[in-house]
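The values are calculated or read from the model by the stated rules, or taken from the named source; none is laboratory data. Predicted model only: the values in this text are computed from it and were never measured.
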Amino acid sequence: MKKTIYTSLLILAIAGFTNTTKAQCDSIANLCSKHIIAQFISDGQSYRSLLLNSEETAEFHTTFFGETTYRLAACSGKTDGNLVFSISDQDGHLLFTNKNHSNAPYWDFKVKSTLECTINAQLDANKNAGSGCAVILIGFKQK
């Protein structure tokens, strides 16, 4: 009987944590969407990951199509600049990092040819963010 009660309480706690985390990520995604301005159309994806500390890295994979202008927005928390992100090609060559740009919350870029890329995101250790949800949004410019 006690084992059943403990198991039930554990399941409820995990479910509550999951719902709280989802709500936190939803709020951050809504704040981050302000960076996908009218000239850009969302790709319909919301790349999300819960980061427990600044040592963890979230990794997302995407394809950028040639001759297209993109905006990548990256957010964590209620203010901009908490998330450090980088984009690398399939060979691991660094294409961009916002770390060199005061953790800018977005970056506009055009790719010449189609690229498979990896986006890495980490909480900025200098911002004392603790833990948080990393959200990446990608928009493309209408031709």
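Of note:
- Residue in the range 114-124 that is polar (S, T, N, Q), in a loop (DSSP other than H, G, I, E, B) and at pLDDT below 95 present: no
- Residue within the range 20-41 that is part of a strand (DSSP E or B), at pLDDT 90 or above and more than 14 Å from residue 133 (Cα to Cα) present: yes
- Members of the range 52-74 that are under 12 Å from residue 107 (Cα atoms) and under 9 Å from the mean Cα position of the chain (by Cα): 73, 74
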